[in-house]
Amino acid sequence: MFFISIKKSKDTLASKQKCTICNEEVEMYFVPMKEWKLDGILCGDCYSKQLSDFYPGDHVRVNEE
Ligand SMILES: [Zn+2]
């Protein structure tokens, strides 16, 4: 039983990763930037949230002219 539970968690790690912020399983994951000081991976939603938190107004460019 112990062996099975180890194998199972290994498989889970290998196949699906969890977003380090919202803990959702993600298939298309993003690697956080070094300055965010996060371990693991991010889903698309949390990644873009982090982006706008760290670089407000920088990655969304609005042409007002
Ligand atoms: Zn997330």
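The values are calculated or read from the model by the stated rules, or taken from the named source; none is laboratory data. If you're wondering where the values come from, they're calculated on a predicted model, not measured in any experiment. When we count neighbours, we look across all protein chains shown, and the Cβ atoms used for this are built from the backbone with ideal geometry, even at glycine.
Applying a threshold of 9 Å to beta carbon distances and a minimum spacing of six or more residues, or different chains, the list of pairs starting in segment 34-62 at a residue that is farther than 17 Å from Cys22 by Cβ and in a helix (DSSP H, G or I) and ending at one that is modelled with pLDDT under 90 and not hydroxyl-bearing (Ser, Thr, Tyr) reads Glu35/Phe54. Residue check: is Glu65 acidic (Asp, Glu) and modelled with pLDDT of 90 or more? Judged against the criteria, Glu65 is not a match.
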